Amino acid sequence: MKKSDITKQKILQAAEQAFAEKGLYGARVDGISELAGVNKRMIYAYFGNKKELYMAVLDMVYGRIAEREQAVLSQDADCVELIKKYIDSSFFYLYENQTFVKIVLWENLNEAKYLKESVGKQTKTASFDVLRSVMRKGVEQGVFRDDIDEDELIISTQMMSYSYFSNIYTMTYMMDKDFFCEDEMKKRCAHITDMILRYIMK
């Protein structure tokens, strides 16, 4: 990997962390450059300004999760197993990538203003299309119901995993349970998987 590519990667990693913690408006280029261990001028040289850096981070984080989703759904397995793997992968991905959860929270506060300018929609739509193809294959094979609302299924698989992590601090406090614990996360994942399969299977 070229030195310039390494520098860009350091900047993006630092920016992802900064934007996750403080959002676009709260994060500072000085702080990002310090965290990345690079001169501030390098950020402007590679990305132009803070907004463009934020856009690059959005593209990166959405591309990363979409790539993983597509890889899971493209495995050589039966349709039911693919749905199980998809939900399981979603939970573990968010468990291991808290910055993504926070960045999406910030973007929702900003009413998806910057997502509308990024390629995030295209990358996620591509993974949604793969999920749709799995569902349709399951219908053709007589495994899944033929009256499933695909849009509702997509929303459920996305929101039921994401909301666990977006509300993890408040629910941990209110219910006096450590939802950061991996065992609790696995328990929730199993519960959601059971709900989804009960909805889609004949």
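Some notes on this structure:
- Only a single criterion out of (1) modelled with pLDDT of 95 or more; (2) farther than 26 Å from Ile168 by Cα; (3) not assigned by TED's automatic domain parsing to the domain that holds Arg132 is not satisfied by Ser4, namely (1).
- Residues satisfying the stated conditions in the stretch 25-74, i.e. of a type in the set (A, V, I, L, M, F, W, C), more than 17 Å from Asp5 (Cβ to Cβ), touching a Lys or Arg at 6+ places or on another chain (Cβ under 7 Å) and not assigned by TED's automatic domain parsing to the domain that holds Trp106: Val29
- Test: residue in the stretch 161-183 that is assigned by TED's automatic domain parsing to the domain that holds Glu81, under 21 Å from Glu67 (Cα atoms), over 14 Å from the mean Cα position of the chain (by Cα) and surrounded by 15 or more Cβ atoms within 10 Å (Cβ to Cβ): no
- Residues of the stretch 146-174 satisfying the condition of being part of a helix (DSSP H, G or I) and polar (S, T, N, Q): Ser156, Thr157, Gln158, Ser161, Ser163, Ser166, Thr170, Thr172
- Residue list for the stretch 18-42, filter: more than 16 Å from Trp106 (Cβ to Cβ), assigned to a helix (DSSP H, G or I) and touching a Ser or Thr at 6+ places or on another chain (Cβ under 9 Å): Ala36, Lys40, Arg41, Met42
- Being among the basic types (Lys, Arg), assigned to a helix (DSSP H, G or I) and under 18 Å from Glu16 (Cα atoms) is a property that Arg64 has.
- Residues that are touching a residue at least 60 places away in the same chain (Cβ under 8 Å) and farther than 20 Å from Thr125 by Cα, drawn from the stretch 139-160: Gln141, Gly142, Val143, Phe144
- Residue match in the stretch 99-110 (condition: modelled with pLDDT under 95, in contact with a Leu (Cβ under 9 Å, 6 or more places away or on another chain) and not in a helix (DSSP H, G or I)): yes
- Considering the stretch 184-202, the residues that are among the charged types (D, E, K, R) and under 18 Å from the mean Cα position of the chain (by Cα) include one that is surrounded by the fewest Cβ atoms within 10 Å (Cβ to Cβ), namely Lys186.
- Residue list for the stretch 82-113, restricted to those being over 30 Å from Met201 (Cα atoms) and crowded, with 18+ Cβ neighbours inside 10 Å: Asn97, Phe100, Lys102, Ile103, Val104, Trp106, Glu107
- Among (1) part of a loop (DSSP other than H, G, I, E, B); (2) over 27 Å from Arg188 (Cα atoms), the one test that Ser4 misses: (1)
- The set of residues in the stretch 9-29 being buried (at least 19 other Cβ atoms within 10 Å of the Cβ) and either touching a Pro at 6+ places or on another chain (Cβ under 7 Å) or free of Cβ contacts under 8 Å to residues at least 60 places away in the same chain (or both) consists of Ile11, Leu12, Ala14, Ala15, Ala18, Ala27.
- Any hit, the stretch 37-49, residues being more than 30 Å from Val139 (Cβ to Cβ) and surrounded by 20 or more Cβ atoms within 10 Å (Cβ to Cβ): yes
The values are calculated or read from the model by the stated rules, or taken from the named source; none is laboratory data. Since the model is a prediction, treat every value here as computed from it, not as a measurement. Because the Cβ atoms are built from the backbone with ideal geometry, glycine has one as well, and the counts that use them run over all protein chains shown.
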